[in-house]
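Please read the structure below before turning to the comments.
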Amino acid sequence: MIETKNIAARRETKTLQVASSISKMKEIAESLRRQNLTIGFVPTMGCLHGGHLRLIKKSLEFCDRTVVSIFVNPTQFGRDEDLDSYPRQLEDDIEKLEATAADILFHPGAEEMYPQNYKTHVQVQDISEYLCGKNRDGFFIGVATVVLKLFNIVRPHRAFFGEKDWQQLAVIEAMVEDLNLDVAVVRVPLVREPDGLAMSSRNRYLSPQQRQTALSLSRSLREARDNIRRGTTSAKVISDAIQRCLLEKEGCEIDYIAICDPESFRAKEQIRGRTLIAIAAKVGVARLIDNCIVEENECSE
Ligand code: PAF
């Protein structure tokens, strides 16, 4: 309650500072650090939705200043993916940021982030090779590279990421640990629309009919969890049921259904212990992902 009041008071008195160049952002970060203020960071590709707003809220609760970056990172899009059509709506995003009481928007240009002679890329091995890494060539290299660059520019004490992108979070945590980065990665639970659809910038690609089809992702996860609670432990049985649910309505193209260890991403044959169930599927042009964790005590022996 006290926190909420503080945020409301800050919202009334603050204006959003916008840094469009790396040097400006570095200058701001340096000044905040000199004043011993903690920097919270929420990296995004814009087109802000409730999931992003939840991350910003968390950062506002735990940090003195909150930086949000909006950068549609070209290196994490494959050749046949939606880089050019990815939704961009800066003015709308700025309005949303102003309403949240975020302090600083970092909005660099692609030419400055990746000048012509750009050469360096970060690869987190092993865990990047499963699930989304299998069919999205170079995706996690693009994510790790841009996140490391952003960390070096923004110099956050804490960085906030959503668990909808479970594997992305694991890749970033591994990078932070392996490269001894001085930033705490904070996990924030996935946020859903009232109808169950996991919030995503790509949801806006969905027609009303496609949206109905897209709901089968969250529905199939709910059913999987119910089946596991009732005693099913075979990953194949659960995976087949998810597949049936996804294919029930026309227009869902499955990329993967994974039932695996939530840290190593190795597939499980039996659902025992903490288990990640993750799905990726295309509905129309929207590539959607969703996941849930099944805990030990939910599984019957
Ligand atoms: O999750 C995202 O929006 C992006 O992958 C991120 C972390 C902002 C890097 O571009």
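The values are calculated or read from the model by the stated rules, or taken from the named source; none is laboratory data. Predicted model only: the values in this text are computed from it and were never measured. Using ideal geometry, Cβ is built from the backbone for each residue, glycine included, and neighbour counts are taken over all protein chains shown.
Miscellaneous remarks
- Annotation note: of S207, S264, S201, S239, the sole residue that is farther than 30 Å from L60 by Cβ, surrounded by 14 or more Cβ atoms within 10 Å (Cβ to Cβ) and of a type outside the set (A, V, I, L, M, F, W, C) is S239.
- Region 109-144: number of residues that are buried (at least 18 other Cβ atoms within 10 Å of the Cβ), free of Cβ contacts under 8 Å to residues at least 40 places away in the same chain and either assigned to a loop (DSSP other than H, G, I, E, B) or more than 10 Å from the ligand (Cβ to nearest atom) (or both): 1
- The single condition from (1) more than 19 Å from the chain's Cα centre (by Cα); (2) crowded, with 22+ Cβ neighbours inside 10 Å that E27 fails is (2).
- In region 145-158, the residues that are within 11 Å of the ligand (Cβ to nearest atom) and either within 17 Å of V72 (Cβ to Cβ) or charged (D, E, K, R) (or both): T145, V146, V147, K149, L150
- Some residue of region 49-61 being surrounded by 13 or more Cβ atoms within 10 Å (Cβ to Cβ), modelled with pLDDT of 95 or more and assigned to a strand (DSSP E or B): no
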